[in-house]
Amino acid sequence: MLLCTRASPYIPLRRLICRRATSAPDISSYKETFARRMAMAGIKPHHRIAMGVSGGPDSMALCVLTAGWKSDGLVRRDDVSGYVDGLLGIVVDHRLRPESSDEAMLVRDRVHKMGVRCEIVCCDWPDGRPKQGHLQEAARDKRYQLFVELCMKQQISVLLIAHHADDQAELLVLRLSRNSGVMGLAGMPFVSQLFPQWISPNQGILLVRPMLEFSKDDIYKICQGSNLEWVEDPTNKSMLFARNRIRSSLTSLSSSVFWSEVQNLISACRLTRSYVDEVCRELISQSVTISEFGYATIDLEKLQPSEIDDLCLSHYLTALVQFIAQRHRPVRGRSSRLLVEYTRGMPCKNFLTVAGCNLSPEPGSKGRKIVVSFSVDSLDSSNNDASTLYNCLSGFQFEETKLCTEVGDIIREQHLCATTLIGEKAKVPFLNARNPTDILTEANKLNLVGDFTLRNLSFLELEEQKRFCSSKEVKSDISELHRRTFKGALRVPLKLGHACHILGRFLVSYGANVSTINRNAGHFCQFCEVSGEREITIRHMVDGDWLFLRRVSTSCNIKKGSIDAVTSNQLEFKFSDFMVHSASKALEALRLIPASARRALPVVVDNQDLLLSVPSVGFRCCPCINVVADFRPRVPLGGGYYSYL
């Protein structure tokens, strides 16, 4: 039993400091297991590592195991501070409670005493405290964002998180109640990649969960064996949150057989997910072409969708759609079924808009190729995360770093190992299971779970499903999704010397001022001032831009006001030979881009919405404009590297 020895002198009694009062257990076996898991992830003691630390027993156990593992790997301690080299604890102060800052400092001091350098990062909530129904999700998203930013800043390639086997069991029941398939029931990956919100030349950082084999009881033993103090947060007992309700229900099922069979089920789902992931990677390499203009082409003759399992085909299409739209919420239910049905209808003749993407037959392919392009109609113009601005001249040079090389080396090594661990298709369960009931029934037939475990999982699933369907959280989530409607073209202001990563897809950079050079060379036009200090604006392409280019390419004189009424200035002017030639070349390039993909291209306009440049196809209204657009998706195809083995 845990003994609450005293309350913190720094904080109210909302969080209690706990410590084992009896003799310390031996933790040598846990250290060996931890070292084995780190080796499986490809992580070595010399790698620079960060850890998420909350002060609870899970993260404190992670700290002591990681520090010991590094020391056993002959990593020295700093002579002055005494901290283990290349190891950092990160405490997030969410600032959602008055006492959170004091708690964060207390946890930081404890981590320091363990010989681990520790920093506090604080959350800002510019739009106010998140609503109750979204509180945990918002806090989690903000927490991981801060983790990534600090790791990138300090050139740390690996982030460790203290999730354990009980967390996986809770997630299994939660996803059963949400009608997840086998891909969701596989739970949290052992290794995955995290990417910064701003564009990065490297491969993000690796998120590793080395304690997934440990139960909560194991965690307590590690803390007790290391003579650690930790805090227990009473909010973890609140039945307002689904995870807490599930945790309470699972705690009452103390049967070792039940817990063992739950882990068997999770392991089987993880094997299936690993197999499906490997199949999808192979299918993508064989049948998908990614265009520099931000769209993808599926070759149906190479794909042969009628010969692919529903699960593999659905995952393949979801990965592609999420990549093109740069949206990483799962594509589920009706959307997933529509994608599969559409792809199997070869030759393809119709159009489909789903999950932020347009799917259409490639012109001239006779329906044997599908174009997947970003749908600008799915934009939420109020979304503050639609673009990220930063100053390219402040030292952010797009070059490969040591961090990039280190992460890349780990991933390549792990890819080679993973292919030898995945079983044959005949040995992979749940490939044809369509819902949680099918998965549980098949697991029972395969003797992965017995009747007792099957009954209890089904009961827990049903109980939480009832709460979920009647909760205000669900209504709030659905209404929030319905509000994500298009209310006009996304417009992003851009200053000279800055870059914009728009919609997580295109990197648009506004280069140095060359107008002075051009004036000295005898060139000047009314557009030269665009290269001055005032802002330009980036938006996506509209039909009026196409008409403008076509008229420029065929006309010598034109009224500004006759082009889609984009300006109130009615004065006539003559287009330069440069502009006419540039428009002609741009039209040639645009005709080769499917119409559905053109609208997602970034264009440059002035403050009156007059088209100045379409950088993706090389159009500039005059040589003074130096704007470049590259397709640089924030998250790579497939969501980056991850492992469930």
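Quick notes on this structure:
- Restricting region 596-642 to residues that are assigned to a strand (DSSP E or B) and open to solvent by 20 Å² or more (accessible area, probe 1.4 Å), the residue that is farthest from MET38 (Cα to Cα): ARG620
- Test result for LEU174, of a type outside the set (D, E, K, R), in a helix (DSSP H, G or I) and over 29 Å from ILE502 (Cα atoms): yes
- Applying the criterion of being surrounded by fewer than 21 Cβ atoms within 10 Å (Cβ to Cβ) and hydrophobic (A, V, I, L, M, F, W, C) to the residues of region 149-160, the residue that is nearest to VAL91 (Cα to Cα) is LEU150.
- Residue selected from region 397-445 under the condition closer than 17 Å to ILE156 by Cα and not in a helix (DSSP H, G or I), by the criterion modelled with the highest pLDDT: THR401
- Just one of the numbered conditions (1) open to solvent by 60 Å² or more (accessible area, probe 1.4 Å); (2) modelled with pLDDT of 95 or more is not true of ILE266: (1).
- Just one of the listed residues (SER291, SER287) is crowded, with 18+ Cβ neighbours inside 10 Å and within 30 Å of SER596 (Cα to Cα), namely SER287.
- Top-ranked residue in region 78-136 [being among the basic types (Lys, Arg) and open to solvent by 40 Å² or more (accessible area, probe 1.4 Å); ranked as nearest to SER157 (Cα to Cα)]: ARG117
- Residues that are open to solvent by 10 Å² or more (accessible area, probe 1.4 Å) and touching a residue at least 60 places away in the same chain (Cβ under 8 Å) were ranked within region 57-77; the one that is nearest to ASP109 (Cα to Cα) is VAL64.
- Test: residue in region 17-26 that is open to solvent by 30 Å² or more (accessible area, probe 1.4 Å), basic (Lys, Arg), modelled with pLDDT under 95 and not in a helix (DSSP H, G or I): yes
- Applying the criterion of being in contact with a Ser or Thr (Cβ under 9 Å, 6 or more places away or on another chain) and farther than 27 Å from ARG467 by Cβ to the residues of region 226-256, the residue that is surrounded by the fewest Cβ atoms within 10 Å (Cβ to Cβ) is GLU229.
- Of the residues making up region 131-152, those that are more than 18 Å from SER54 (Cβ to Cβ) and not charged (D, E, K, R) are GLN132, GLY133, HIS134, MET152.
- Any chance ASN202 is of a type in the set (S, T, N, Q), at pLDDT 90 or above and farther than 16 Å from ALA50 by Cα: no
- Of all residues in region 212-232 being at pLDDT below 95 and of a type in the set (A, V, I, L, M, F, W, C), the one that is farthest from VAL91 (Cα to Cα): LEU228
The values are calculated or read from the model by the stated rules, or taken from the named source; none is laboratory data. Just so we're clear, the structure is a prediction, and the values are computed from it rather than from any experiment. So basically every Cβ, Gly included, is an ideal-geometry build from the backbone, and we count neighbours across all protein chains shown. These accessible areas exclude ligands, DNA and RNA; they are computed on the full protein's heavy atoms, side chains included. Shrake-Rupley method; radii C 1.70, N 1.55, O 1.52, S 1.80 Å.
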